[in-house]
Structures are given as C-alpha cells and as structure tokens.
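Novice: Please find one structure pasted underneath; my questions will follow.
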Amino acid sequence: MIKINDFGVLGGDQRQAAMAESMAADGYPVLCAGLEHVKGKNLKKTGWKEAVEADYIILPLPVTKDGVTLNAPYAGSELLLNQELFAMLKGKKVFCGMKNTLLKVGDYFKELTLLDYSQQEEFAVRNAVPTAEGALEIAMGEYDGMIAGSKCLVTGFGRIGKVLSGMLKGMGASITVSARKPEDLAWIEIYGYTPVLTGRLSDYQGFDFIFNTIPSMIFDAHTLAKTAQGAILIDLASLPGGADQ
C-alpha cells in the first residue's frame with residue numbers, strides 16, 4: 001500500500017490557509033495549526049504538537065517577525081521558536097519563507113533541512129502581484145483623490161517595482177521610477193516612466209505617493225524632508241524597510 005505523506009501547515013496568514021486548502025483538495029492529508037481565527041476556510045485545524053508530527057512541515061513567509069515566535073497572526077496561542085521546537089523539527093523537511101529570519105533566532109536551527117520557497121524565482125515573481133495590489137488598496141484608502149492623474153514615485157525596479165509601475169500606468173498615474181543600474185534606468189525610460197537615480201532622490205519633490213521597494217535605508221531624515229513632504233509613503237520593502245522612522 002502506498003503511503004501518502006502528510007503535511008503540517010504552521011502559522012501564516014490567509015495565503016497559508018489557501019495553500020493548505022489547495023493541497024487538501026489534491027488529496028494530501030493536511031494538519032493546520034496557528035490558523036484558528038481564519039474564517040470561511042475548510043481546514044483540518046489541530047494543535048501545534050500534532051501538526052509538527054507530520055512528515056513535512058510548511059512554515060510561513062516570513063517565518064518570524066519578532067525573532068521569538070512563529071509568524072501566526074490568526075493563532076489562538078503563540079509558538080515559541082526555541083530548542084524544543086527544533087527537536088521536533090529535526091530530521092524533517094521544513095519548507096519556509098525567508099529562512100534567514102529563523103536562522104537568526106538560534107544557530108541550532110542551521111541543522112534543520114530548510115527549503116526556502118521564497119527564493120524560487122517563479123514564486124517571487126507571482127508574489128509581486130498581490131503585493132502590488134495590496135499597495136494600491138492601501139493607497140486608495142488613504143488618499144482623498146484619484147490614482148488617475150496622481151504623481152507617483154516607485155523606488156526600485158525589481159519584481160514588485162515592475163509590476164506596480166505597470167498597474168499605476170494602467171490607472172492613469174504619472175510615474176517616476178528610481179534605480180541604480182544604467183540598464184534599469186534605460187528600461188524605465190523605454191516603458192514610458194520618468195527615470196531618476198536612487199542616490200539623487202532628494203532632488204525630486206511634489207509626489208502624491210511614494211512606493212518604496214528597496215530594502216535599505218534610502219529615505220533618511222534629509223531625503224524624507226525633501227522628497228516625501230506631503231506624500232503618502234507606502235513601504236513595501238522587507239524588514240527593516242527603507243524609511244527612517
């Protein structure tokens with residue numbers, strides 16, 4: 001008799017819940033922990049310890065936000081990232097997003113077999129779409145006017161920057177995009193956006209929106225005072241982000 005491996009889905013947000021539902025629909029046994037407060041989902045919910053006993057473990061993106069507990073905003077209780085959890089995971093294949101956030105918790109986690117799905121290009125490209133849509137939802141909720149005709153600055157021309165710039169263009173916004181590489185600046189111009197050097201952002205003002213996708217401190221106090229004055233700044237970069245708090 002062929003054994004079908006089971007999966008333990010731990011924590012995460014509604015993306016993790018949707019994935020668990022999809023896997024269950026394909027016939028795989030899926031145990032979910034840390035998704036107690038997700039509504040409208042047909043999930044087999046269980047406790048942390050039972051889910052960790054599964055053959056394969058799937059952790060969220062990112063694994064942790066505070067460096068202490070699993071990223072599980074819909075959980076009924078916290079799961080500490082400690083040596084007890086490490087012992088339960090040892091010897092299993094563990095899939096996770098942004099595994100470096102877990103490795104920083106303790107050196108012993110380096111002994112696990114960690115497979116970082118966020119490093120796969122097809123995942124990163126597809127993930128750029130909901131990220132860009134989420135940014136637009138925030139922008140429309142915070143702004144009294146319309147996106148059409150607004151002046152937008154997108155910093156960075158990576159996956160998210162490309163997708164977001166295209167969406168803004170389709171909505172009729174005036175788009176300026178910053179980059180460091182000459183080839184990126186050339187592509188920005190070809191797409192019909194206004195190209196600017198990231199290192200010279202303080203030379204530009206008058207934006208309604210600034211969407212940052214660069215995970216480094218490009219918006220220090222000086223640049224914020226010059227470029228972001230009067231603008232709604234939406235930081236999409238990985239922690240710690242790119243804006244001085």
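Novice: If I ask for residues that are more than 11 Å from Ala18 (Cβ to Cβ) and basic (Lys, Arg), which ones from region 30-54 would you list?
Specialist: Within region 30-54, Lys39, Lys44, Lys45, Lys49 meet the criteria.
Novice: Additional query: Does region 82-122 hold any residues that are farther than 19 Å from Gly11 by Cα and aromatic (Phe, Trp, Tyr), and which are they?
Specialist: Within region 82-122, just Tyr108 meets the criteria.
Novice: Related question: Just for region 167-190: of the residues that are touching a helix residue (DSSP H, G or I) at 6+ places or on another chain (Cβ under 7 Å) and surrounded by fewer than 19 Cβ atoms within 10 Å (Cβ to Cβ), which one is farthest from Leu236 (Cα to Cα)?
Specialist: Only one residue fits best here, namely Arg180.
Novice: Could you list, in sequence order, all residues of region 191-204 that are under 16 Å from Leu164 (Cβ atoms), open to solvent by less than 40 Å² (accessible area, probe 1.4 Å) and touching a helix residue (DSSP H, G or I) at 6+ places or on another chain (Cβ under 7 Å)?
Specialist: Tyr193
Novice: Looking at (1) touching a helix residue (DSSP H, G or I) at 6+ places or on another chain (Cβ under 9 Å); (2) hydrophobic (A, V, I, L, M, F, W, C); (3) more than 15 Å from Leu236 (Cβ to Cβ), find the lone condition where Leu164 falls short.
Specialist: (3)
Novice: Okay, next question. Filter region 214-229 down to residues that are open to solvent by 60 Å² or more (accessible area, probe 1.4 Å) and either acidic (Asp, Glu) or modelled with pLDDT of 90 or more (or both), then give me how many there are.
Specialist: Residues flagged as open to solvent by 60 Å² or more (accessible area, probe 1.4 Å) and either acidic (Asp, Glu) or modelled with pLDDT of 90 or more (or both) within region 214-229 amount to 1.
Novice: A further question follows. Show the residue pairs that are 6+ apart or on different chains and have beta-carbon atoms under 9 Å apart, the first residue being within region 91-103 and of a type in the set (Phe, Trp, Tyr), the second being open to solvent by 40 Å² or more (accessible area, probe 1.4 Å) and not in a strand (DSSP E or B).
Specialist: Qualifying pairs under 9 Å: Phe95/Tyr117.
Novice: For a quick check of your reading of the model, give me the residue pairs whose first member lies in region 105-121 and is in contact (Cβ under 8 Å) with a residue 40 or more places away in the chain, whose second is part of a strand (DSSP E or B) and open to solvent by 20 Å² or more (accessible area, probe 1.4 Å), with beta-carbon atoms closer than 9 Å and at least 6 apart or on different chains.
Specialist: Tyr117/Phe95
Novice: Check off (1) part of a strand (DSSP E or B); (2) open to solvent by less than 40 Å² (accessible area, probe 1.4 Å); (3) under 30 Å from Lys65 (Cβ atoms) for Leu233 and give me the number that stays unchecked.
Specialist: (2)
Novice: Let me ask something else. Is it the case that some residue within region 46-56 is within 23 Å of Phe123 (Cα to Cα), within 19 Å of the chain's Cα centre (by Cα) and at pLDDT 95 or above?
Specialist: Within region 46-56, none of the residues are within 23 Å of Phe123 (Cα to Cα), within 19 Å of the chain's Cα centre (by Cα) and at pLDDT 95 or above.
Novice: Another question, if that's okay. Mind checking which residues of region 104-137 are in a helix (DSSP H, G or I) and open to solvent by less than 50 Å² (accessible area, probe 1.4 Å)?
Specialist: Passing the criteria: Phe109, Tyr117, Ser118, Ala124, Asn127, Ala128, Thr131, Ala132, Gly134, Ala135, Leu136.
Novice: From the list Phe207, Phe211, which one is outside any helix (DSSP H, G or I), surrounded by 14 or more Cβ atoms within 10 Å (Cβ to Cβ) and within 20 Å of the chain's Cα centre (by Cα)?
Specialist: Going through Phe207, Phe211 in turn, just one is outside any helix (DSSP H, G or I), surrounded by 14 or more Cβ atoms within 10 Å (Cβ to Cβ) and within 20 Å of the chain's Cα centre (by Cα): Phe211.
Novice: Let me ask something else. Pick from region 145-162 the residues that are aliphatic (A, V, I, L, M) and surrounded by fewer than 21 Cβ atoms within 10 Å (Cβ to Cβ): which of them is nearest to the chain's Cα centre (by Cα)?
Specialist: Looking at the filtered set, the residue picked out is Ile147.
The values are calculated or read from the model by the stated rules, or taken from the named source; none is laboratory data. These figures come from a predicted structure and were not determined experimentally. Note that we place each Cβ from the backbone using ideal geometry, even for glycine, and neighbour counts take in every protein chain shown. The area values use the complete protein model at the heavy-atom level, side chains included, leaving out ligands, DNA and RNA. Shrake-Rupley method; radii C 1.70, N 1.55, O 1.52, S 1.80 Å.
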